[in-house]
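> Below you will find the structure I want to go over with you.
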Amino acid sequence: MSVLLVFLAATLATLGVAALLGRRRLRESAPLALRAGLAVMFLVTGVSHFVGLREDLVAMVPPVLPHPELLVTVTGVLELAGALGLLLPRTAAWAAGGLALLMVAMFPANVYAASAGLTLSGEPATALLPRAAMQLLYITAAVVVVITHWRRAVLGDALGRLTTALPRAHGPAAAMHEEAPTAGIVLISRLRLRSARHVPGFLLASLRLRRALRQAPGALWLDLAAQPLTATFWTWSGWTDEDAMRRYTGSALHAHVMRTYRPHLQESTFRTLPAAQAPTTWPEVRGMLDATTAER
């Protein structure tokens with residue numbers, strides 16, 4: 001039962017710290033709290049394989065298994081390694097998965113301890129049913145850590161990279177060029193919202209600005225791309241000159257949109273470039289904006 005208290009105390013303490021910092025929502029801080037709870041718990045139990053409870057744990061090894069002292073040593077090392085792995089984001093999922101398997105493999109020792117009436121620190125071993133419930137709780141916590149990491153790092157990353165690029169919108173100045181229009185100046189931007197809930201509204205506002213560009217004097221073209229799952233938008237527009245660009249960005253509609261969404265922006269990066277330095281592909285646009293951000 002003391003192990004359960006250690007797990008719950010560490011988990012709840014982590015949730016409390018996250019709430020005080022105000023940087024994480026419950027659904028984001030819960031997996032972190034479970035990681036912390038499991039890490040502290042396995043640090044405690046791992047150490048007990050070598051000091052304090054070693055003799056009792058050796059006695060818990062079912063008689064059918066050979067070298068009980070070696071098994072207690074190996075499982076103690078694995079528990080300590082898993083606890084340390086849980087503390088590192090890159091290894092947390094692997095550690096949680098390994099510890100879940102280890103708990104399943106070690107459960108027969110709990111069954112034997114309960115059925116044989118063994119003791120831990122002089123107290124009777126926990127009855128089988130409560131012990132099974134606690135093990136299920138720990139295994140579930142470890143599985144949640146694995147699934148959360150997989151969803152974010154694998155599925156979330158793959159879906160997050162899905163980018164939608166709208167067809168190019170041409171401005172009135174493009175009709176004045178018989179061949180492909182050449183911009184005098186290019187404006188590129190990246191806007192990242194703080195929350196995905198603002199994506200639909202910002203997308204509609206961006207489409208309004210896109211339509212307005214079709215009538216903006218001096219506008220040649222506008223490309224708009226978005227990654228809805230990362231709440232990120234990019235624009236890439238060409239203008240005959242800087243004055244034309246500034247008239248558009250200073251228009252009432254553009255000012256209204258930026259004023260409305262400025263509190264909801266996590267990042268807003270803009271860069272103007274002369275035609276000779278203008279990008280020709282979306283990867284170039286992103287690279288230039290990344291470089292601008294890094295220079296800040």
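The values are calculated or read from the model by the stated rules, or taken from the named source; none is laboratory data. All values derive from a computational prediction rather than experimental measurement. In this analysis, Cβ positions are derived from the backbone assuming ideal geometry, glycine residues included, and neighbour counts consider all displayed protein chains. Protein only, heavy atoms only, side chains kept; ligands, DNA and RNA dropped before computing areas. Shrake-Rupley method; radii C 1.70, N 1.55, O 1.52, S 1.80 Å.
> Residues in the stretch 189-207: is at least one in contact with a Gly (Cβ under 9 Å, 6 or more places away or on another chain) and among the aliphatic types (A, V, I, L, M)? It would help to see each step written out before you state the result.
At the first step, the residues of the stretch 189-207 found to be in contact with a Gly (Cβ under 9 Å, 6 or more places away or on another chain) are none.
The answer is no; no qualifying residue exists.
> I'd like the full set of residues that are over 22 Å from residue 219 (Cα atoms) and open to solvent by less than 90 Å² (accessible area, probe 1.4 Å), limited to the stretch 246-296. Can you show your working first?
First pass over the stretch 246-296, keeping only residues over 22 Å from residue 219 (Cα atoms): 259-267, 283, 287, 290-296.
Those that are over 22 Å from residue 219 (Cα atoms) and open to solvent by less than 90 Å² (accessible area, probe 1.4 Å): 260, 261, 263, 264, 265, 267, 287, 290, 291, 292, 293, 294.
> Check whether at least one residue in the stretch 280-294 is under 15 Å from residue 205 (Cβ atoms) and over 26 Å from the mean Cα position of the chain (by Cα), and report yes or no.
No, the stretch 280-294 has no match at all.
> What is the number of the single condition among (1) among the hydroxyl-bearing types (Ser, Thr, Tyr); (2) in contact with a Pro (Cβ under 9 Å, 6 or more places away or on another chain); (3) farther than 20 Å from residue 184 by Cβ that residue 268 does not meet?
With respect to (1) among the hydroxyl-bearing types (Ser, Thr, Tyr); (2) in contact with a Pro (Cβ under 9 Å, 6 or more places away or on another chain); (3) farther than 20 Å from residue 184 by Cβ, residue 268 is out only on (2).
> So, one more: Just checking, does the stretch 113-126 include any residue being at pLDDT below 90, open to solvent by less than 20 Å² (accessible area, probe 1.4 Å), over 30 Å from residue 284 (Cβ atoms) and outside any loop (DSSP other than H, G, I, E, B)?
yes
> Could I ask something else about it? Looking for whichever is in contact with a Ser or Thr (Cβ under 8 Å, 6 or more places away or on another chain) and assigned to a helix (DSSP H, G or I) here; the options are 8, 15. Which one fits?
Among 8, 15, only 15 is in contact with a Ser or Thr (Cβ under 8 Å, 6 or more places away or on another chain) and assigned to a helix (DSSP H, G or I).
> Quick check on the stretch 17-37: of everything there that is at pLDDT 80 or above and not aliphatic (A, V, I, L, M), which residue is farthest from the chain's Cα centre (by Cα)?
37
Residue by residue, here is whether (1) in contact (Cβ under 8 Å) with a residue 60 or more places away in the chain; (2) in a helix (DSSP H, G or I); (3) buried (at least 19 other Cβ atoms within 10 Å of the Cβ) holds:
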{"site": "70", "(1), (2), (3)": "no, yes, no"}
{"site": "73", "(1), (2), (3)": "no, yes, no"}
{"site": "77", "(1), (2), (3)": "no, yes, no"}
{"site": "83", "(1), (2), (3)": "no, yes, yes"}
{"site": "90", "(1), (2), (3)": "no, no, no"}
{"site": "93", "(1), (2), (3)": "yes, yes, yes"}
{"site": "100", "(1), (2), (3)": "no, yes, yes"}
{"site": "105", "(1), (2), (3)": "no, yes, no"}
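> Could you run through the stretch 54-68 and say how many residues are surrounded by fewer than 18 Cβ atoms within 10 Å (Cβ to Cβ) and assigned to a loop (DSSP other than H, G, I, E, B)?
Counting residues in the stretch 54-68 that are surrounded by fewer than 18 Cβ atoms within 10 Å (Cβ to Cβ) and assigned to a loop (DSSP other than H, G, I, E, B) gives 6.
> Moving on. Which count do you get for residues in the stretch 180-221 that are open to solvent by 30 Å² or more (accessible area, probe 1.4 Å), among the charged types (D, E, K, R) and under 20 Å from residue 267 (Cβ atoms)?
So the answer is 3.
> Looking at the stretch 42-52, which of its residues are assigned to a loop (DSSP other than H, G, I, E, B) and surrounded by 18 or more Cβ atoms within 10 Å (Cβ to Cβ)?
Residue satisfying the conditions is 49 alone.
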